[in-house]
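All remarks here apply to the structure that follows.
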Amino acid sequence: MIGDIISIINDYWLLLLIGQYPNGPLGGLANTLILSALSIALAFPVSILLALARLSKSRLLRWPVTALVYITRGVPLLMLILWSYFLVPLLTGADVPSFYTMLTTLVIYQGAFLSEVVRAGIVALGPGQMDAARALGHSYMGAMRFIILPQALYNMIPSMISTFVATIKDTTLGYVINVPDLTFAASQVNNQLLTQPFQVFLILAVVYYAICWSLTYVANVIERRIARKRAGLANAQSPASLAQIKVITEQP
């Protein structure tokens, strides 16, 4: 079996890497990474806007966004992909490429999930942070930009990276609307070979595992650094440390 896997990689590595490019659309692993990176980059600011809207005191802003988040989180991603793929051309009459359909759906879906992480991080800081910022003369948005969000996002880094890992795995569903990604390329290889589906999709699983494991490893490293930094700050602010500082400052 190992020999078969090596043979498949040797014969089809270019198709798995870049798809039909340059004789056709870019696909394979390259398209998967591009789709994942764009989804993450666009879903992140969307999640912040949705979280701020959910925390708004205005019902006209809070209620529609809350409904959007609950509906998006309550419907399977596959359903959203199919709705987008068939409904948008029906409403607009435009032929939207499957790549952009998948990208838009992922941004909305992951933005809704990530917005709850952002909202929880902001709420966890407590109202005292906002009160202190407003007492110092900051506007609401200024306090959010310079004081609240930097602290909340710093605390949420591990959770956000876990969501990013889920985004990479969700790109595999683009196969159902013919997005030329890595899963689509693996399916093409399987259709050509016919007799080695296990080997083909084992290669696919290993590649996705390697990508997701790398991000998970990064998340673990960042989480350990955050824990060490917090421990250092806690030690610096301990009563013993504060007493030492007081003694030093009171010396003539």
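Looking only at segment 138-151, decide whether some residue is under 23 Å from Y109 (Cβ atoms) and open to solvent by less than 70 Å² (accessible area, probe 1.4 Å). Outline the logic, then answer.
So the first thing to find is which residues in segment 138-151 are under 23 Å from Y109 (Cβ atoms), and the list is 149.
Next, from what is left, pick out any that are open to solvent by less than 70 Å² (accessible area, probe 1.4 Å): 149.
The answer is yes; a qualifying residue exists.
Restricting to segment 84-95, name every residue that is free of Cβ contacts under 8 Å to residues at least 12 places away in the same chain and either surrounded by 13 or more Cβ atoms within 10 Å (Cβ to Cβ) or in contact with a strand residue (DSSP E or B) (Cβ under 6 Å, 6 or more places away or on another chain) (or both).
First, the residues of segment 84-95 that are free of Cβ contacts under 8 Å to residues at least 12 places away in the same chain: 86-87, 89-95.
Answer for segment 84-95, where residues must be free of Cβ contacts under 8 Å to residues at least 12 places away in the same chain and either surrounded by 13 or more Cβ atoms within 10 Å (Cβ to Cβ) or in contact with a strand residue (DSSP E or B) (Cβ under 6 Å, 6 or more places away or on another chain) (or both): just P89.
Which ones in segment 1-48 are open to solvent by 30 Å² or more (accessible area, probe 1.4 Å) and hydroxyl-bearing (S, T, Y)?
Scanning segment 1-48 gives S7, Y12, Y21.
Are any residues in segment 49-66 open to solvent by 50 Å² or more (accessible area, probe 1.4 Å) and part of a helix (DSSP H, G or I), and if so, which ones?
L49, R59, L60, L61, R62, W63, P64
So, I122, is that one of a type in the set (V, I, T), within 17 Å of A51 (Cα to Cα), crowded, with 18+ Cβ neighbours inside 10 Å and without any contact (Cβ under 8 Å) to a residue 24 or more places away in the chain or not? Walk me through how you get there before you give the answer.
Numbers: of a type in the set (V, I, T): yes; within 17 Å of A51 (Cα to Cα): yes; crowded, with 18+ Cβ neighbours inside 10 Å: yes; without any contact (Cβ under 8 Å) to a residue 24 or more places away in the chain: no.
Answer is no for this residue.
When segment 104-119 is examined, which residues are found to be hydroxyl-bearing (S, T, Y) and either open to solvent by 30 Å² or more (accessible area, probe 1.4 Å) or over 16 Å from the mean Cα position of the chain (by Cα) (or both)? Even if it seems obvious, please write down each step before you answer.
If we filter segment 104-119 for residues that are hydroxyl-bearing (S, T, Y), which is where we start, we get 104-105, 109, 115.
Hits for segment 104-119 are T104, Y109.
Do any residues in segment 184-203 that are farther than 20 Å from G24 by Cβ have Cβ atoms under 6 Å from those of residues that are open to solvent by 40 Å² or more (accessible area, probe 1.4 Å), where the two are at least six apart or on different chains, and which pairs are they?
So the pair list comes out as Q196/D4; Q199/D4.
Pick from Y70, Y85: which is among the aromatic types (F, W, Y) and over 27 Å from D181 (Cα atoms)? Let's see the steps before the verdict.
Values: Y85 fails: over 27 Å from D181 (Cα atoms).
The conditions single out Y70.
Which number in (1) under 20 Å from the mean Cα position of the chain (by Cα); (2) open to solvent by 30 Å² or more (accessible area, probe 1.4 Å) marks the one condition that T101 misses?
Unmet condition: (2).
What are the residues in segment 169-199 that are open to solvent by 50 Å² or more (accessible area, probe 1.4 Å) and of a type in the set (V, I, T), if any?
V176, T195
Name every residue in segment 120-142 that is part of a helix (DSSP H, G or I) and within 25 Å of the chain's Cα centre (by Cα), in order of residue number. Let's see the steps before the verdict.
Applying the first criterion (part of a helix (DSSP H, G or I)) to segment 120-142 yields 120-124, 127-135, 140-142.
The answer is A120, G121, I122, V123, A124, M141.
Has segment 147-156 got any residue that is of a type in the set (F, W, Y) and over 25 Å from L68 (Cα atoms)? Break it down stepwise before answering.
Step one: filter segment 147-156 for residues of a type in the set (F, W, Y), giving 154.
So of that shortlist, the ones also over 25 Å from L68 (Cα atoms) come out as 154.
Checking segment 147-156: at least one residue is of a type in the set (F, W, Y) and over 25 Å from L68 (Cα atoms).
Out of the residues in segment 1-48 that are outside any helix (DSSP H, G or I) and closer than 16 Å to L204 by Cα, state the one that is modelled with the lowest pLDDT.
M1
Using beta carbons and a limit of 7 Å, which pairs, at least six apart or on different chains, have the first residue in segment 156-180 and closer than 14 Å to L80 by Cβ and assigned to a helix (DSSP H, G or I) and the second one of a type in the set (V, I, T) and at pLDDT 85 or above?
Between residues of segment 156-180 that are closer than 14 Å to L80 by Cβ and assigned to a helix (DSSP H, G or I) and residues that are of a type in the set (V, I, T) and at pLDDT 85 or above, the close pairs are T167/I40; T171/T32; L173/I81; V176/I81; I177/I81; I177/T101.
The values are calculated or read from the model by the stated rules, or taken from the named source; none is laboratory data. Keep in mind the model is a prediction, meaning the values are calculated, not measured. Here Cβ is always computed from backbone atoms with ideal geometry, including for glycine, and neighbour counts include all displayed protein chains. Please note that ligands, DNA and RNA were not included when accessible areas were found on the heavy atoms of the full protein model with its side chains. Shrake-Rupley method; radii C 1.70, N 1.55, O 1.52, S 1.80 Å.
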